[in-house]
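The values are calculated or read from the model by the stated rules, or taken from the named source; none is laboratory data. All figures in this text were calculated on a predicted structure; none of them were measured in a lab. Reconstructed Cβ throughout: ideal geometry from the backbone, glycine too, with neighbour counts over all protein chains shown. Ligands, DNA and RNA are excluded from the accessible area calculation, which covers all protein heavy atoms including side chains. Shrake-Rupley method; radii C 1.70, N 1.55, O 1.52, S 1.80 Å.
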Amino acid sequence: MKNIIVSGSVATGKTTLAKKLSKLLNYRYIGIKELLKKNKLVIGYDKKRKAKIVDDYKFVNAVVKIIKQNKNGLIIDSHLSHLIPSKYIDLCIITKCNLKVLKKRLENKGYDKDKVMDNLETEIMDICLNEAYENKHNVLVIDSTKNINLNSVVRYIKRN
């Protein structure tokens, strides 16, 4: 396995999981913050949602360019990573979280009620998971509500 994406709703544990897996597998970690800065992917700001607007097309192109240049394994961490064409990706991990726990995580991030509700709705509707399936990814769903057995995830990755 060479290229793994970790996607899911905000605060479902993507970054924590992706960073741990990159260390265990000795894969290069690439996070969305790094990509946004280096590739100038932010095209505006949504005041209502209090969120940066990312150019999805440029995001995908930037990641594909990195994938093509990389010879070793990659872990790509972003709530948009499931948009990358499946032909470049060996495994798409979608993180999920219990709604009560997720609500608390979002509130701890300082999000207002509207932003918390927007993110909870994204999780309820399984937006990232459904889009990953639409993009024909090989999907592994991980519930981050409780401690994740990283050894079993690594074994799964190495087997597939």
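Kindly indicate the residue of the stretch 90-104 that is charged (D, E, K, R) and assigned to a helix (DSSP H, G or I) and also surrounded by the most Cβ atoms within 10 Å (Cβ to Cβ) among those meeting that condition.
Result: Lys103.
I need the full set of residues from the stretch 30-50 which are among the aromatic types (Phe, Trp, Tyr) and open to solvent by less than 60 Å² (accessible area, probe 1.4 Å), in order please.
Of the residues in the stretch 30-50, the ones among the aromatic types (Phe, Trp, Tyr) are 45.
Listed by number, the list is empty, since nothing qualifies.
Can you pull out the residues in the stretch 108-142 that are open to solvent by 90 Å² or more (accessible area, probe 1.4 Å) and not basic (Lys, Arg)?
Once the filter is applied, which keeps residues that are open to solvent by 90 Å² or more (accessible area, probe 1.4 Å) and not basic (Lys, Arg), the stretch 108-142 yields Asn108, Asp114, Met117, Glu121, Ile124, Met125, Tyr133, Glu134.
Could you list, in sequence order, all residues of the stretch 46-74 that are assigned to a strand (DSSP E or B), in contact with a strand residue (DSSP E or B) (Cβ under 7 Å, 6 or more places away or on another chain) and closer than 25 Å to Ile124 by Cα?
Result: Asp46, Lys52, Ile53, Val54.
Can you say whether Lys68 is of a type outside the set (A, V, I, L, M, F, W, C), without any contact (Cβ under 8 Å) to a residue 40 or more places away in the chain and buried (at least 17 other Cβ atoms within 10 Å of the Cβ), as far as the supplied structure shows?
So Lys68 fails the test.
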